[in-house]
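Okay, so here's the structure we're looking at.
The values are calculated or read from the model by the stated rules, or taken from the named source; none is laboratory data. What you are looking at is a predicted structure, and each value in this text was computed from that prediction instead of being measured. Neighbour counts are summed over all protein chains in view; Cβ atoms, including those assigned to glycine, are modelled from backbone coordinates with ideal geometry.
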Amino acid sequence: MKLLKRLYKAIPAGIICLLVLGLLFGYLGSRMGAGPMINTIMNTAHDLLLNTVFFLMAVCVITGALGRLFVDFGVVKLMERLLRPFMKPLFGLPGAASLGAVVTFLSDNPAIISLAKEKGFKAYFKKYQYISITNFGTAFGMGLLVIIFMFGQGYYAAPLIGFVGAICGAIISTRLMQRFIIKAYPQYRDEWVDSVDEQESVQEVQATKEPLFQRVLNALLDGGKSGVDIGLAIIPGVLIISTLVMILTFGPDSSGTYTGAAYQGTELLPWLGSKCQVVFEWLFGFTDPHLIAFPITALGAVGAALGLIPSFIKEGWIDGNAIAVFTAIGMCWSGFLSTHTAMLDTLGYRNLISKAILSHFIGGLIAAVIAHWLYVLYELLTHAPATL
């Protein structure tokens, strides 16, 4: 092991990069042919841009406008007050943390950081609680977008069941992270983040003197602009990650040949998934090995993972159970591998990144398992024979 580490340090990073890319494209080219491989990559990315990214951007604009309207007219604060009694017993967090769940649900998981940097918000937290809000906020990231997207695919009960699973995953992830923090730093159990008086920690938003119509219009337009920003931000993830995942998920055309058309590939991920199909079927209820591509993609970008669903539906691989599981794991993970490091670094606790990632990985898996078994229960109740 030590010899491998020394060898890794001795080899320039550029050589390692070239080796990895050479192996990847060498594998794809040997299976598909160099020409069809390049054409498939470009055609898949182009189709994703036109038929998936623009749809997701439209959803982001609508949800962004709705979210800003909720913030400006006090709906978010009302929800925070309603959710406050559940925070301490479920998540071990003060009531103010519920505002973090709301803002990340309406936008994306990094929104919790902008809130956490507010001096008034920090005053509610002890250090172990404050650090764990990265896990807590991430579990609700892009929640509204995920659920509305699932509604748009024609599923209604399953996304709501998945939402319950995501909440359970958030509890596991947050509580587990708190245990890791206290074990590593026992003093954080009693130390407060900020010395500001708790009575001064929440500042009321002053009502503006603008006419009602103007306030509504400004809220909708400003929220819509933030939705455009999110929509633009997910383009690289959808085009790069989804294209890579799809080329490893799908196979050749019906005749078994590679023509360079979009959504052709080598079926590597289904082959790997088939080796563990019994495990995935019991844990998640997956009936097709192709479905494992969604949670793998959701680790890095939930927007990219959502981009897989229309193709999965077209191929007939998806059922209500898969939608419930996808909603739970998509919300709970919400691309946390690409954001957790930056989030904890921003808060000033870079040394706890590995513990946060481990906690959230476990929380997402449990969220998916709970969503699966809740959907099984739902199916039993809704399809149970009527009794006389």
In the stretch 107-125, is there at least one residue being surrounded by fewer than 24 Cβ atoms within 10 Å (Cβ to Cβ), touching a helix residue (DSSP H, G or I) at 6+ places or on another chain (Cβ under 9 Å) and modelled with pLDDT of 85 or more?
-> yes
Leading residue by the ranking (surrounded by the fewest Cβ atoms within 10 Å (Cβ to Cβ)) among those in the stretch 30-50 that are touching a Gly at 6+ places or on another chain (Cβ under 9 Å) and not aliphatic (A, V, I, L, M) = G35
Identify all residues within the stretch 151-176 that are under 14 Å from the mean Cα position of the chain (by Cα) and hydrophobic (A, V, I, L, M, F, W, C); write none if there are none.
-> F163, A166, I167, A170
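In the stretch 342-352, is there at least one residue being among the hydroxyl-bearing types (S, T, Y) and within 13 Å of I161 (Cα to Cα)? Step through it out loud before you land on a result.
Residues of the stretch 342-352 that are among the hydroxyl-bearing types (S, T, Y), as a first pass: 346, 349.
If we keep only those that are within 13 Å of I161 (Cα to Cα) too, we end up with none.
Checking the stretch 342-352: not a single residue is among the hydroxyl-bearing types (S, T, Y) and within 13 Å of I161 (Cα to Cα).
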What is the residue count in the stretch 245-267 for residues that are modelled with pLDDT of 85 or more and in a helix (DSSP H, G or I)?
-> 1
Identify, please: which residue in the stretch 302-315 is over 12 Å from T138 (Cα atoms) and of a type in the set (A, V, I, L, M, F, W, C) and is, among those, surrounded by the fewest Cβ atoms within 10 Å (Cβ to Cβ)?
-> I313
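Please determine, by comparing only the residues of the stretch 316-353 that are farther than 25 Å from D288 by Cβ, touching a residue at least 60 places away in the same chain (Cβ under 8 Å) and among the hydrophobic types (A, V, I, L, M, F, W, C), which one is surrounded by the most Cβ atoms within 10 Å (Cβ to Cβ). Can you show your working first?
Narrowing the stretch 316-353 to residues farther than 25 Å from D288 by Cβ: 336, 338-353.
Of the ones still in play, those that are also touching a residue at least 60 places away in the same chain (Cβ under 8 Å) are 336, 338-340, 342-344, 346-347, 349, 352.
Next cut, among the hydrophobic types (A, V, I, L, M, F, W, C) only: 336, 342-344, 347, 352.
Values: F336: 27, A342: 14, M343: 22, L344: 22, L347: 19, L352: 19.
This residue is F336.
Name the residue, out of S173, S98, that is in contact (Cβ under 8 Å) with a residue 24 or more places away in the chain and in a helix (DSSP H, G or I).
Working: S98 fails: in contact (Cβ under 8 Å) with a residue 24 or more places away in the chain.
Of the residues listed, the single one that is in contact (Cβ under 8 Å) with a residue 24 or more places away in the chain and in a helix (DSSP H, G or I) is S173.
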Reported set for the stretch 268-277 where residues are surrounded by 21 or more Cβ atoms within 10 Å (Cβ to Cβ) and outside any helix (DSSP H, G or I) is none
Taking M177 and the conditions (1) farther than 30 Å from I313 by Cα; (2) modelled with pLDDT under 85, which numbered condition does it fall short on, given that it satisfies the others?
-> (2)
In the stretch 184-213, anything in a helix (DSSP H, G or I) and modelled with pLDDT of 85 or more is listed as A184, P186, Q187, Y188, R189
